[in-house]
Amino acid sequence: MAEGETLAALAEEARSCTRCSAQLPLGPRPVFRVSATARILIIGQAPGTRVHESGVPFTDASGTRLRAWLGIEDAVFYDASRIAILPVGLCYPGRLARGGDAPPRPECAPLWHPRFRPLMPAIALTLLVGGYAQNFVLGPGRVGERVADFRRYLPHYLPLPHPSWRTTAWERAHPWFGEALLPVLRQHIARLLT
Ligand code: SF4
């Protein structure tokens, strides 16, 4: 972090980023929400095409599922003064030849996260949504094992699966997620939002 750097100036700089534009099929459009007062930080993967179009994080089916997990409504989820959202990749990275979204651009998180994080001193809980977020913050590991072992990372972090449609079947096969993890997650969220 540069001395005297402000969150507003950094956000402006990030919104203008074109660092990896040659690799972005739809061009740069960084999508994130930050504030100095947020108590909760959500680190997700990267925007999909719908989020690229809207310019608002999690305006897709994944966002609907994530809000249901958190037990909060849109108005709270999108209150940046309480919840910050900073994905591993800020721009839509394109698709893989075999289908599915490409991984977040590898240069993105190392470029922005270390600069944003010190400017959000009120963050008490960081939700690590999916493998890319978990691997960036915690180092290499397996998503399923980390989510199952979620208590180990509290109170500062809580690993979650990526809330894509594929997770529906995974949730059914792992009932402890709804029975044990979600109640704990909602307790922490409710406490930090009040
Ligand atoms: S993905 Fe990240 S590094 Fe690449 S242009 Fe967007 S903000 Fe910049």
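The values are calculated or read from the model by the stated rules, or taken from the named source; none is laboratory data. If you're wondering where the values come from, they're calculated on a predicted model, not measured in any experiment. Every residue, glycine as well, gets a Cβ built from its backbone with ideal geometry; the counts of neighbours run over all protein chains shown. For accessibility, only protein heavy atoms count, side chains too; no ligands or nucleic acids. Shrake-Rupley method; radii C 1.70, N 1.55, O 1.52, S 1.80 Å.
Observations, loosely collected:
- Filtered residue count, segment 1-23, keeping only those that are of a type outside the set (S, T, N, Q) and assigned to a loop (DSSP other than H, G, I, E, B): 8
- Every residue from segment 158-172 that is part of a helix (DSSP H, G or I) and open to solvent by 70 Å² or more (accessible area, probe 1.4 Å): Arg166, Arg172
- Just one of the listed residues (Leu86, Leu70) is in contact (Cβ under 8 Å) with a residue 12 or more places away in the chain, crowded, with 16+ Cβ neighbours inside 10 Å and more than 17 Å from Ala133 (Cα to Cα), and it is Leu70.
- Check on Arg39, charged (D, E, K, R), in contact with a strand residue (DSSP E or B) (Cβ under 9 Å, 6 or more places away or on another chain) and closer than 19 Å to Pro159 by Cα: yes
- Residue check, Glu5 within 16 Å of the ligand (Cβ to nearest atom) and more than 20 Å from Ile189 (Cβ to Cβ): no
- Residues (closer than 30 Å to Ala8 by Cβ, surrounded by 15 or more Cβ atoms within 10 Å (Cβ to Cβ) and touching a helix residue (DSSP H, G or I) at 6+ places or on another chain (Cβ under 6 Å)) located in segment 118-157: Leu119, Leu125, Leu128, Gln134, Phe136
A quick yes/no check of all residues on (1) modelled with pLDDT of 95 or more; (2) β-branched (Val, Ile, Thr); (3) open to solvent by 30 Å² or more (accessible area, probe 1.4 Å):
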| site | (1), (2), (3) |
| --- | --- |
| Ala8 | yes, no, yes |
| Thr18 | yes, yes, yes |
| Ala22 | yes, no, yes |
| Pro25 | yes, no, yes |
| Phe32 | yes, no, no |
| Thr37 | yes, yes, yes |
| Ile42 | yes, yes, no |
| His52 | yes, no, no |
| Leu66 | yes, no, no |
